[in-house]
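What follows is a single structure, written as structure tokens, with notes after it.
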Amino acid sequence: MRTVGEMKEKKAKDKAAAVVLTALLMGMYYSQLTGFSFGGVSFLYRYLWAAAIVLISLCAVLVTADLRKMVKLSRLALLMCLPHFWTIFISFPIWVTRLNAMEVMRRGFFNELYSIEAVIAMTGCLYMLGEKAIWCNLTAIIIPNALIMVTTVQKSGFSRFFSEMWIAIRTFTAETGPVIREMEIHEMTFALGVYVVFIVISARKIKMTPKTIIFLSGSSFFFLTGFKRIGIMAVAVAILTYVFLDAISRHGKRGKGILIWSGIAAIVVMLLYVAVISMGLLDYIQGQLGIDVMGREHLLEIIRNYYHFGPGYFGYGTGFTIELIYDIRGTGLHNDILMLYIDLGFWGFLVWMTLYFLVRPYLVSRWQGLAGGILAFVYGVYLFVTAATDNTTNYTYVTGTIALLTMAYNLDSGTACREERR
């Protein structure tokens, strides 16, 4: 049994670790897309911050050697990384067969590597801080948003800032002023969306303290200032999915079966979505409904020349679509579901979705209980609703946040979320 002095020393070390890791996470989020070039290759500062977190957590592992926590987190981290490992694995033979350019291979490989690094960094935070890492990461997202808002308000004034914010909310971003557009911090906004889902579905289990209320208010406020229409829709769909699965899970063993069938349904929806785009039906539906897709229908029309829907399509390897669209338009495709299909081919795409929507929730439910598996599935639903019109599968802030919240469930005594396993 620990003495009072030892407990105080441990608390002091835990606080110091929380401060250091939060500062490093803030650096990672605040740096966004800034970076440098070395040897003709561009590097983003955010990945240096993430690497620092990985190194510090490795040192902590060597000092403390908590084998139980190491095993628990290692298998979860490997599970979070499986889709990215699969993407690299399936892409190598495709790259070689198609003789893809080195730039395509480099970009594709590093995109997956960066996602893996984000997962490992979050694993390190959880090892050192336990479930407190949830709130340290949220703090690290909120503060950069606040700093950007302060800079924006200083230039425009409070009145204009909140006036444009209200107009954007009231018109559902049909009218967006130049001031509020500066708060469209894509990656951090979508990462905050994951937190909004977590907060809403865990509201009854989160211990409400003044500090927690500040966290909840900050995440909700800055999610709204970023105001991504697809993000708001994704939050709504994810919450409705959780309500359905949570209700089903209360009826005993049927819950796991429903979770598996939900995963199969999600995979079918992904395939149907690609099929609809490949046939040009999405353009027709958007035209009939009068939806402004900001010129993306032109990109979808061009990209149809490079793929077809069916089991005979084998893809180009990861990195191909990104490079192609940048050459055409200098931007992303804004449709990561289609990008994954084009890059990985029919069967590669099917395996990727199986890993994400079937294997991940099933194994998490075995290790954390059914409630944990449901959460893993719900976060996946959020990601792929946003991926229908954005590049979120390549957003490492989102990848890391989903991994963090998934792995954190029931990790320790429940400082963040108190719930019994079902």
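The values are calculated or read from the model by the stated rules, or taken from the named source; none is laboratory data. Here the structure is a predicted model, which is why all the values come from computation and not from measurement. We place every Cβ from the backbone using ideal geometry, glycine too, and count neighbours over all the protein chains shown. Accessible surface is based on the protein model in full, side chains and every heavy atom, while ligands, DNA and RNA are left aside. Shrake-Rupley method; radii C 1.70, N 1.55, O 1.52, S 1.80 Å.
What does the convex hull of the alpha-carbon atoms of the chain project to on average, in nm²? Before the final figure, lay out each step's value.
Values: hull surface 90.3 nm².
So the mean shadow area of the Cα hull is 22.6 nm².
Determine the order of E9, E103, E112 by accessible area, beginning with the largest, at a probe radius of 1.4 Å.
Numbers: E9 100, E103 75, E112 15 Å².
Listed by decreasing accessible area, they come as E9, E103, E112.
Using Cα pairs under 8 angstrom and six or more residues apart, how large is the relative contact order of the stretch 1-133, in percent? Intermediate values should be presented prior to the final figure.
On the way: 91 pairs, mean separation 39.9, N = 133.
Answer for the stretch 1-133 is 30 percent.
Filter the cross-link list K11/K207; K11/K72; K72/K207; K228/K256; K10/K207; K13/K211 down to pairs whose alpha-carbon distance in this structure exceeds 28 Å. Intermediate results must be reported in sequence, preceding the final value.
Details: K11/K207 20 Å; K11/K72 23 Å; K72/K207 24 Å; K228/K256 33 Å; K10/K207 23 Å; K13/K211 21 Å.
Table pairs above 28 Å Cα-Cα are K228/K256.
Once you sort the root eigenvalues of the Cα gyration tensor of the stretch 194-281 as a ≥ b ≥ c, which label holds: rounded (a/c under 1.5), prolate (a/b larger than b/c) or oblate (the other case)?
Details: a/c = 4.53, a/b = 1.30, b/c = 3.48.
It is oblate, given that a/c is not under 1.5 and a/b is not larger than b/c.
V235: net charge of surrounding residues, Cβ under 12 Å, Lys/Arg +1, Asp/Glu -1, itself excluded?
Numbers: positive: K228, R229; negative: none.
Neighbour charge sum, excluding V235 itself: +2.
Return the single residue from N305, N394, N335 with maximal mean-square fluctuation; model: Gaussian network over the chain, springs between Cα atoms under 10 Å.
Among N305, N394, N335, the largest GNM mean-square fluctuation belongs to N305.
Taking 8 Å as the Cα distance limit and 6 or more residues as the minimum spacing, I'd like the relative contact order of the chain as a percentage.
Details: 521 pairs, mean separation 97.6, N = 422.
Relative CO of the chain lands at 23 percent.
At what distance in angstrom do the alpha carbon centres of the stretch 96-117 and the stretch 23-60 lie from each other?
Cα centres, the stretch 96-117 to the stretch 23-60: 20 Å.
Taking a quarter of the surface of the convex hull around the Cα atoms of the stretch 44-199, what do you get in nm²?
On the way: hull surface 52.0 nm².
Its average projected convex-hull area is 13.0 nm².
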